[in-house]
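The values are calculated or read from the model by the stated rules, or taken from the named source; none is laboratory data. The model shown is predicted, which means the values in this text are computed figures rather than measured ones. Reconstructed Cβ throughout: ideal geometry from the backbone, glycine too, with neighbour counts over all protein chains shown.
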């Protein structure tokens, strides 16, 4: 059999793929796309302060889960997790609080509260 075209070597294909990736990265860099990328990466590694409303929703979830299931882990989470709160909206920690400081949970209180 006769070959009717030239073959591309594996090395050539790999070099072309790497060159395209480098061009994409350079284009993202010059269009300012790395700022949002950098923020996303930082968000993964450092949680930072949370808005009070997000913490209240999470605490209400622990309360209702404990009320529904009676599992001790939900009460423990409600009573022991320390949250870094952002009360001013600047993304920085303004104060620290636990769920019992922000939310009243009848199920936890009827089970002896957070002290037991």
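Structure data summary
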{"read-out": "Subset tally (residues that are exposed (fewer than 14 other Cβ atoms within 10 Å of the Cβ) and over 19 Å from the mean Cα position of the chain (by Cα)) for segment 77-86", "value": "1"}
{"read-out": "Some residue of segment 21-37 being at pLDDT below 80, under 19 Å from the mean Cα position of the chain (by Cα) and exposed (fewer than 10 other Cβ atoms within 10 Å of the Cβ)", "value": "yes"}
